[in-house]
Structures are given as structure tokens and as C-alpha cells.
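Notes for the one structure printed next.
Read-outs throughout are calculated quantities, based only on the coordinates presented, and are distinct from any laboratory measurement. Being a predicted model, the structure only gives us computed values, none of them experimental. Every residue, glycine as well, gets a Cβ built from its backbone with ideal geometry; the counts of neighbours run over all protein chains shown.
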Amino acid sequence: MPSILRVDQLQTTTGTPLLSSDANGLLSVSTRFKLPNFTTANLPSSASTGEVVFDTTEFVAKFWDGTKWQTLGSKKLTSAIVGMHWTHWTSTFQSTVAQTYEKVPGSEFTFQTKQANSSFVMMADIPGYQSGSASGVNMAYQFNGTMYAGANGGSGDTWMGNVHSGVASAGFNLKKIWVVQPNLAAGSTVTAACMVGHWSGSSSSHYFNYPGYSPESEFVILEFLNPTS
């Protein structure tokens with residue numbers, strides 16, 4: 001005949017309670033427990049009705065309703081910061097080619113993603129100075145080799161981030177926020193950088209981190225779980 005084990009409490013080898021039950025069979029867990037983990041793509045194709053797992057892609061618990069996996073609870077996790085990646089630099093850079101964005105030395109850095117399918121909010125603050133007669137300064141971003149928030153060429157709209165025509169000499173701060181959703185796996189390597197450029201003027205007209213004034217630029221990337229409804 002089948003063996004029967006009768007206990008009212010389970011403990012670790014050091015005596016720490018793990019699981020207990022009352023006379024009615026109600027179980028109480030005395031510490032944390034971990035659900036079986038699966039990505040959305042690797043969820044079992046079928047399971048016992050009521051079986052519960054944790055989806056590491058969507059960060060939700062799911063149960064098998066007899067036909068398919070359903071999210072446990074009324075709402076998914078909406079949004080959370082899971083990582084902050086950043087750098088700063090003090091080296092001076094001059095924008096030398098009109099109507100072309102150039103990568104800012106010192107701004108480039110590499111990091112690994114914390115979670116799968118994250119969104120990334122890029123933010124930067126770059127102080128600069130325009131000397132002489134020139135116009136139009138702006139910034140963009142490079143994320144894994146792709147430029148965002150700017151376009152090379154003769155359209156004046158892309159260069160009007162700061163310092164307009166008619167200003168002989170002026171200081172400025174370039175600031176911009178941009179969001180990308182590249183659908184990367186957790187642990188993916190990302191290389192990002194700031195880019196700057198100008199509309200017109202000589203190659204010596206536009207300085208970023210103007211020399212002699214102890215300037216400092218910052219580049220921050222916040223990594224978010226993708227918002228869900």
C-alpha cells in the first residue's frame with residue numbers, strides 16, 4: 001500500500017521552520033518561496049489546471065486555466081526603473097564639420113542591460129560656448145551605432161537646439177531627453193554616446209566643455225521595464 005507521511009511542520013537542518021499545517025490542512029509558509037521561472041517564449045505548452053509559474057519576461061505570476069496561461073491578478077507591473085547607467089567628462093571638444101553630428105569624446109560608455117525588453121531614457125547636459133559669428137547648435141544620441149534625436153544635412157530645424165543666428169558670442173547648455181525601445185535580451189551589451197553639431201560658422205566657433213572654465217558634462221541612461229496596461 002502507498003506510504004503515508006504525517007507531519008505538522010517542516011524545518012531546515014538547523015531547526016528553522018519552513019512549512020506548517022493545522023488540523024484542517026491549512027498550510028503556512030514561514031519563509032520565502034520561489035515559483036518555477038520561465039520566459040514567455042519557454043512557458044510549458046500545457047500544465048495541470050491551477051499550476052502557477054513566474055514569467056521572467058513580463059515579470060508577472062501566471063496560472064494555467066486548463067487551456068492557456070493567464071496573468072495572476074488584475075494588473076501587470078506597470079513600470080519600474082531597473083538600472084541607471086551614466087558617465088561624465090571634462091575634456092573639451094570642438095564641432096568642426098557644419099551640419100554634421102559628431103561623437104563627443106569622453107561621452108561614450110558601455111553597459112549591460114539589467115532586464116529583457118527594457119526601455120531606455122537618455123538624458124544629457126553639455127555646457128558649451130559659441131565664439132564669433134555662427135548659428136545653430138544641437139545634440140543627438142548614439143545607441144548601439146544608431147543615431148537618435150538628430151539628422152545630418154541642411155534642414156535648419158534640426159540645428160536650432162541652442163544659440164540662434166545674430167548672436168556673436170554666447171554660452172549655452174545642451175539638454176535633451178530621448179526614449180528608445182530596442183527589445184534587447186537581459187545582459188545585452190550596449191554602447192552609447194552623445195553627439196553634437198552646428199549649423200554654420202568656422203571650425204573654431206563651437207566649444208563643448210569650454211577650456212579654462214572647469215566645465216563638466218553628464219550623460220545618464222535610465223533603464224525601465226516597458227509599461228504595460
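Figures for the structure shown
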| read-out | value |
| --- | --- |
| Alpha-carbon Debye profile of segment 81-224, log10 I(q)/I(0) at 0.15, 0.17, 0.20, 0.22 Å⁻¹ | -0.71, -0.87, -1.12, -1.29 |
| Förster radius 30 Å - calculated FRET efficiency between Lys103 and Thr57, Cβ distance, rounded to 0.05 | 0.35 |
| 13 Å Cα-Cα reach of Lys34 towards aspartates and glutamates, excluding residues that sit fewer than 8 places from it in its own chain | Asp55 |
| Rough spin-label spacing in nm, given labels placed 7 Å along Cα→Cβ, for Thr49 and His88 | 6.1 nm |
| Residues of type aspartates and glutamates that Lys175 reaches as a straight line, Cα spacing below 14 Å, ignoring anything fewer than 8 places off in the same chain | Asp125, Glu216, Glu218 |
| Cα→Cβ-extended label distance, 7 Å offset, between Thr146 and Tyr213, nm | 3.5 nm |
